[in-house]
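Notes for the one structure printed next.
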Amino acid sequence: VQTRAPLEEPSELIDTGNMVPNLSAHYLTRYTDHESGKTAFFLARYQSSTPGKRIIFPLSWDGNAFQRKIWKFYKKRPMLPLAFDTGPIIIVEGEKCYHEATSYFERAGKKCSVTTRHGGAGVTGMVILPPGIENPDRVKILWPDNDTVGIDAMDNIARRNGDDSTFILRPPAGVEQG
């Protein structure tokens, strides 16, 4: 049985141009093992030349090169770590929302930790909540995509967190799904 230890290598080793010909990664998100702090895997997001189409896949180190998969070692999926020890926590759906929200709060000078999980709504049971999220003194705002799958996934995470400081933003009636 092969297992993969968390990585120590920096993201500069990833040649994202070789992963998808003629495209470079739009986002490269590093997921870490919460216990060791080392890299668990990366998620690469490419924007296709076809409007509305995107290409997303995980990258894991096999000891020699990056491969387009998450090793079985990671049967659990760590959420992105929290940036601050205090202040509100916002859980969004997807790495694109994570990067946009993080950038917004940094520009606004607000200490707000944004996190997300990798994988669809079907893997929310595999998600490892980041350390610090269990603190009942921190407000947790869960911001799903406007679709049943996204709302169900955030409901699952809210039940797992299970305290009075967790809130789910519900899209108003009549807002287009997506």
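Got a number for residues in the range 95-110 being open to solvent by 100 Å² or more (accessible area, probe 1.4 Å) and among the polar types (S, T, N, Q)?
Within the range 95-110, residues that are open to solvent by 100 Å² or more (accessible area, probe 1.4 Å) and among the polar types (S, T, N, Q) number 0.
State the number of residues belonging to the range 117-151 that are touching a residue at least 60 places away in the same chain (Cβ under 8 Å) and either open to solvent by 50 Å² or more (accessible area, probe 1.4 Å) or of a type in the set (S, T, N, Q) (or both).
2
His34: assigned to a loop (DSSP other than H, G, I, E, B) and either touching a Ser or Thr at 6+ places or on another chain (Cβ under 9 Å) or open to solvent by 20 Å² or more (accessible area, probe 1.4 Å) (or both), yes or no?
Criteria met by His34.
Please determine, by comparing only the residues of the range 106-138 that are aliphatic (A, V, I, L, M) and at pLDDT 90 or above, which one is nearest to Thr86 (Cα to Cα).
The selected residue is Val114.
For Pro130, only one of the following conditions fails: (1) more than 23 Å from Ala158 (Cβ to Cβ); (2) assigned to a loop (DSSP other than H, G, I, E, B). What is its number?
For Pro130, the failing item is (1).
Take the residues in the range 152-178 that are among the small types (Gly, Ala, Ser) and either assigned to a loop (DSSP other than H, G, I, E, B) or without any contact (Cβ under 8 Å) to a residue 60 or more places away in the chain (or both); name whichever of them is most open to solvent (accessible area, probe 1.4 Å).
Ala173
Given the criteria within 18 Å of the chain's Cα centre (by Cα) and loosely packed, with under 14 Cβ neighbours inside 10 Å, does Ser113 qualify?
It is false that Ser113 is within 18 Å of the chain's Cα centre (by Cα) and loosely packed, with under 14 Cβ neighbours inside 10 Å.
Taking the range 59-94 on its own, how many of its residues are modelled with pLDDT under 85, buried (at least 16 other Cβ atoms within 10 Å of the Cβ) and charged (D, E, K, R)?
Looking only at that region, the number is 1.
The values are calculated or read from the model by the stated rules, or taken from the named source; none is laboratory data. These numbers come from a predicted model, not from an experiment. Don't worry about glycine lacking a Cβ; one is built from the backbone with ideal geometry, like all the others, and counts go over all protein chains shown. Just so you know, the surface numbers come from the protein's heavy atoms only, side chains and all, with ligands and any DNA or RNA stripped out. Shrake-Rupley method; radii C 1.70, N 1.55, O 1.52, S 1.80 Å.
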